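Asker: The structure that follows is given in the form of structure tokens.
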Amino acid sequence: MRFRATLFCFVLLCVSSSFVSADTAAFDLAGPPVEVKVTRNGKSLPIAEVPNLQSGDRLWIHPNLPDSQSVHYLMIVAFLRGPTNPPPDNWFFKAETWKKSVREEGMVVTVPLDAQQALLFLAPETGGDFGTLRSAVQGKPGAFVRSSQDLDQAGLDRSRLDAYLAGVRQTSEYDPKALHDRSVLLARSLNIKIDQQCFDRPSEQQAPCLMQNTSQLVLEDGHSQSMVAALTSGPNSDLIGQLTYTRLAGGGAYSPYVGAVVDVARIFASYHTAQYQYIPALAVPKDLDLNLRLNNPPSFHNPKSVLVIGLPAVEAEQFPPLRTVDANQIFCLQQPGLLIPVEGAPLVFSTGFAHHMVLHIEDKNGLSLDLPAIADAARGGFLIQAVDLASSKLPATFTATLRGSWGFQSFTGPVFQISAAHPTDWAISRADRNALIVGREDTIHLQSRAAACIADISLKTGSQPAIKVNWKPGKPTEVEVAVPLKNAPVGTTTLLVKQFGLPKPDAISLNTYSELAHLDDFAISAGEEQGTLKGTRLDEVASLDMSGIHFVPAGLSRTDEQDELELTARLTGQGSALKPEQDVVAQVALKDGRVMDLKTKVEAPRPKLKLISKTVQAGPVASAVRLKNQDELPQDGTLSFFLKTEVPETFPRKEKIEVATQDGSFHTALSLDNGNLVLQDSTTVMATFDPQKSFGPSAFGPLRFRAVDAQGIVGAWQALATLVRIPTLKEIRCPDSPDKQCSLVGSNLFLIDSVASDAQFASATPVALGFAESELSVPRPNGTLLYLKLRDDPSTVNTAVLPVMPEQ
């Protein structure tokens, strides 16, 4: 016995394998036409709109066979109640399709109480056919329960496959350029696996590639599987049922669609008699028609072929788990061809189970408004058929719900955010308010709840015609706009935002600017009221605000192709607000109104000195020039100045005083070790500076000083004096005639900027650049007094007292 059982299993595996190797998923033969209508609680629906049956449903089944039908088919409806509970005799209903009453009126059956599955058989007429089929089902109900489930599952999967292939075929024929995008959306809608490598082929080969190996395209769909209950494992499963899941028999090696077909094929291959064999017929309903598809041609010789057709399972509704693709997306009600994308329920797109779908909205007065919604797998959602909408009666934003019927029951789908087109104020993101620079294309971000309703955007500059600009959606309430300003002037331009359904566009005024200043760094130390801003185009800076302190420009210089702008606090005594290592954001205001943020860190306190006093000692050779500005230091003179330390509290012995010209071309360091610094006490030091010795004969102009501690940390620059070079003047020679000019005799006269006989310089004589003579024509002096301005400090009027000699 054990040997016979083993041999039977081996033979059965071989038979099953032969079905696996065959093209079990073709089903390309048309079956006999059968119409079905289901009535529940007085309401009737075509079979294509019925996902499930319930006890008490009345089924009208009409074999719509042609008058020329030569074979008499016996039509049998059988109801099952699970694999371990054979159905009673009165759960089997038959109709002789060749009789006139059946041909004209069909048959009506009622789903019994406690039924779980339903099957339809079409068997060629033979003697004892009805009893034979009923006995077969009652004798092994589990096999037919499994067949019912697999046929139902295969039919649902086939509907998805057919919808996908039809969509690819239609797109390839009418819009081949859209094949990639439409195929991806079809795959998402119908849960189909596509080969991305097909899109690497030439365009004419893409569609055939996408439609090859069709039996392997269908992926698992949890919704359709939940609609078809599975047999439990264990003693309730027969040998055939268990074999279908073994690796040897091919279990797990196929898509769900192929797996269901292989299951049925294995069952029917081993379950036949000398009189009958069973072949599956897939039902892919359309309207009333079951639209049967056969995989094998039926036989009308013994064993004759019995067509087995699965009807919807008898169970409660399993509503489609529709979900939004992006819950944050906002849709515009007035947009032509409005599409609401959804996913998660392929049967909504491939069957008629979901019908009378609408987008349900509420107007501001609480009245309902339903807009028809049509499922479109190729576009990945529902197309909303808009009607004439009075947008003024709708709020600017609201929610809408996708509703409809699933079979006989109403169901509610996902909720969407909707915007109605309306005139609105558009906000520009803060980071973009200063972004529009003439001479190039810049990008700004417009923000509004009406962003979804934008139809197009154009740019209007002055009297020039408006031009369309490129834009694309960003966040749900934002769009990104490319603003072309290559030939635009500095000033104001206007964006015109056109919304769907509105007659006039929204006008948005934009400011355009010249090239923006670039800010590198703002250096300031704790406790100070002056800092240095580094960058380019700093001449555009109007002010800087930081930690409640308002800084204004105090001097702009340029070093190594970089601008340095000294900024000073407008009010004194505010430096204490700046703490060491404090991270702050400074707001730099430009002269054209733009404001830029600059992150900076307050540095540790720098050494700080206060200038108490200074004394200028004349050089060893007496000069006829009398300097009138106490800040002027003659080049051959000596400057002594007293400094008091403020940071730190006592003057460190290693600290130095750096003295330099304004442009930094000359500098020197004074120190205690060099003897040019002398401590008066622990906080006060006297410094002595000899410019001739330290800088030589070519240094001139403003001098400044700063403290340098032992670690090389430098303090802020402070003004010290103005270094001037003084010419050597010998005498004035004048002719006898008072109307003629005199001659100034001396050396290095090129160091003079101009000479006059009065302090107001009413009649001045300028000294030309490159003047190298020893005599200079000057106005007749007022006695022995001349007024002159030195080239190193032309803002100061000095005097010279010289002997006036007769002209020789």
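The values are calculated or read from the model by the stated rules, or taken from the named source; none is laboratory data. For clarity, every value in this text was computed on a predicted model and none was experimentally measured. Cβ coordinates were reconstructed from backbone atoms using ideal geometry, including for glycine residues, and neighbour counts include every protein chain displayed. Areas reflect the complete protein model, heavy atoms only, side chains present, ligands, DNA and RNA absent. Shrake-Rupley method; radii C 1.70, N 1.55, O 1.52, S 1.80 Å.
Asker: Given a cut-off of under 8 Å on Cα pairs at least six residues apart, what relative contact order in percent is computed for the chain? Spell out each step's value before the answer.
Answerer: Numbers: 1844 pairs, mean separation 61.6, N = 808.
Over the chain, the number comes to 8 percent.
Asker: Subtract the Cα-Cα distance of residue 114 and residue 463 from 0.36 nm times their separation in residues, and report this length gain in nm to one decimal.
Answerer: Values: separation 349, 0.36 × 349 = 125.64 nm, distance 8.02 nm.
That pair, residue 114 and residue 463, stretches by 117.6 nm at full extension.
Asker: Could you provide, to the nearest whole Å², the per residue accessible area of the chain with probe 1.4 Å? Write down the numbers at each step before the final one.
Answerer: Numbers: 38640 Å² over 808 residues.
Accessible area per residue, the chain: 48 Å².
Asker: Here's another thing I want to ask about it. Between residue 762 and residue 718, with labels modelled 7 Å along Cα→Cβ, what's the label distance in nm to one decimal, could you check?
Answerer: 4.3 nm
Asker: When the accessible area of the chain is split by element with a 1.4 Å probe, what percent falls to carbon and sulfur?
Answerer: Details: 19370 of 38640 Å².
About 50 percent, which is the carbon plus sulfur part of the accessible surface.
Asker: Once the convex hull of the alpha carbons of segment 479-528 is built, what does its volume come to per residue, in cubic angstrom?
Answerer: Working: hull volume 9.0 nm³, N = 50.
Enclosed volume per residue, from the Cα hull, is 180 Å³.
Asker: Between residue 558 and residue 69, what is 0.36 nm times their sequence separation minus the Cα-Cα distance? Round to one decimal in nm. Don't skip to the answer; put the middle values down first.
Answerer: Working: separation 489, 0.36 × 489 = 176.04 nm, distance 10.26 nm.
Full-extension gain reported as 165.8 nm.
Asker: Treat each spin label as a single point 7 Å out from the Cα along the C-beta direction, and report the residue 782 to residue 326 distance in nm.
Answerer: Distance between label points: 8.3 nm.
Asker: Once segment 404-450 is represented by equal point scatterers at the alpha-carbon sites, with solvent omitted, what log10 I(q)/I(0) does the Debye formula produce at q = 0.13, 0.26 Å⁻¹?
Answerer: The calculated log intensity ratios at q = 0.13, 0.26 Å⁻¹ are -0.56, -0.97.
Asker: Would you count, across segment 458-600, every pair of lysines whose alpha carbons are under 26 angstrom apart, provided the pair is eight or more residues apart or spans two chains?
Answerer: 22
Asker: So for each of 772-783, 413-424 I average, over its residues, the number of other beta carbons within 10 Å; can you give me the resulting order with the highest mean first?
Answerer: Numbers: 772-783: 15.2, 413-424: 20.4.
Descending mean neighbour count gives 413-424, 772-783.
Asker: Would you mind giving the average projected area, over all directions, of the Cα convex hull of segment 72-173 in nm² with one decimal? Please report the intermediate quantities before stating the final value.
Answerer: Values: hull surface 35.3 nm².
Over all viewing directions, segment 72-173 projects a mean Cα-hull area of 8.8 nm².
Asker: Here is a further query. What does the net charge come to around residue 543 if you take all other residues with beta carbon closer than 15 Å to its beta carbon, with K and R at +1 and D and E at -1? Intermediate values should be presented prior to the final figure.
Answerer: Details: positive: 570, 591, 594; negative: 529, 539, 540, 545, 566, 592, 597.
So the environment of residue 543 carries a net charge of -4.
Asker: Taking the Cα centroid of segment 308-362 and of segment 523-552, what is the distance between the two, rounded to the nearest whole Å?
Answerer: Using only Cα atoms, the two centres lie 61 Å from each other.
Asker: Rolling a 1.4 angstrom probe over the protein chains, ignoring ligands and nucleic acids, what is the accessible area of residue 663 in square angstrom, nearest 10?
Answerer: 120 Å²
Asker: For the pair residue 584 and residue 799, what calculated FRET efficiency results from E = 1/(1 + (r/R0)^6), where r is the Cβ-Cβ distance and R0 = 51 Å, to the nearest 0.05? Display every interim value, and only then the final one.
Answerer: Numbers: r = 51 Å, r/R0 = 1.00.
After rounding to 0.05, the efficiency reads 0.50.
Asker: Just from its helices, what would the mean residue ellipticity at 222 nm be for the chain, if runs of 4 or more DSSP H residues each count -39500 (n - 2.57) and the sum is divided by every residue, rounded to the nearest 500 deg cm²/dmol?
Answerer: Working: 11 runs with 125 residues, N = 808.
About -4500 deg cm²/dmol.
Asker: Students often get this wrong, so check it: of 94/304; 608/693; 43/140; 601/654, which have C-alpha atoms separated by over 24 Å? Walk me through the numbers before you get to the answer.
Answerer: On the way: 94/304 18 Å; 608/693 26 Å; 43/140 35 Å; 601/654 27 Å.
608/693; 43/140; 601/654, as the Cα separations exceed 24 Å there.
Asker: Each residue of segment 322-335 in turn: what ³J(HN,Hα) in whole Hz from Karplus with 6.51, -1.76, 1.60 and θ = phi - 60°, glycine and Pro shown as x?
Answerer: 3J(HN,Hα) across segment 322-335, in whole Hz: 4, 9, 6, 6, 9, 5, 8, 5, 10, 10, 9, 5, 8, 5.
Asker: Rounded to the nearest Å, what's the spacing between the alpha carbon centres of segment 151-192 and segment 758-782? Just the number, please.
Answerer: Value for the Cα centre distance between the two parts: 98 Å.
Asker: Over the Cα atoms of segment 554-621, how large are the radius of gyration and the largest Cα-Cα distance (Dmax), in Å?
Answerer: Taking only Cα atoms of segment 554-621, I get Rg and Dmax of 18.1, 57 Å.
Asker: While we're here: For the chain, what value does the Rg/Rh ratio take when both radii are computed over Cα atoms and Rh is the Kirkwood radius, given to two decimals? Could you put the intermediate results ahead of the total?
Answerer: Numbers: Rg = 49.4 Å, Rh = 36.7 Å.
A ratio of 1.35.
Asker: If you count, for each residue, the other Cβ atoms within 10 Å and average over each peptide, how do 544-551, 620-627 line up from highest to lowest?
Answerer: Working: 544-551: 17.9, 620-627: 13.9.
Order by mean packing, descending: 544-551, 620-627.
Asker: Assuming 0.36 nm per residue, please report the length gained on full extension of the stretch residue 100 to residue 412 beyond their Cα-Cα distance. The partial results should precede the final answer.
Answerer: Values: separation 312, 0.36 × 312 = 112.32 nm, distance 4.44 nm.
Length difference between fully extended and current span is 107.9 nm.
Asker: So, one more: Taking all protein chains together and a probe of 1.4 Å, list 654, 486 from the most accessible to the least accessible.
Answerer: Details: 654 135, 486 155 Å².
I get 486, 654, largest accessible area first.
Asker: Run the 1.4 Å probe and let me know the accessible area of residue 666, rounded to the nearest 10 Å².
Answerer: Using a 1.4 Å probe on the heavy atoms, I get roughly 60 Å².
Asker: Taking the full set of protein chains and a 1.4 angstrom probe, give the accessible area of residue 108 in square angstrom, rounded to the nearest 10.
Answerer: 80 Å²
Asker: Peptides 758-765, 473-480: what's the order by average Cβ count within 10 Å, highest mean first? Walk me through the numbers before you get to the answer.
Answerer: Numbers: 758-765: 13.4, 473-480: 16.0.
Descending mean neighbour count gives 473-480, 758-765.
Asker: Arrange the residues 731, 362 by how much accessible surface each exposes, largest first, with a 1.4 angstrom probe. Numbers along the way, then the final one.
Answerer: On the way: 731 25, 362 80 Å².
Of 731, 362, the descending order of accessible area is 362, 731.
Asker: Using DSSP to call loops (not H, G, I, E or B), can you name the GluC sites (Glu not before Pro) in segment 541-649 whose Cβ has at most 12 other Cβ atoms within 10 angstrom? Please report the intermediate quantities before stating the final value.
Answerer: On the way: sites: 561, 564, 566, 581, 603, 632, 646, 649; in loops: 561, 581, 649.
Loop-located and lightly packed - 561, 581, 649.
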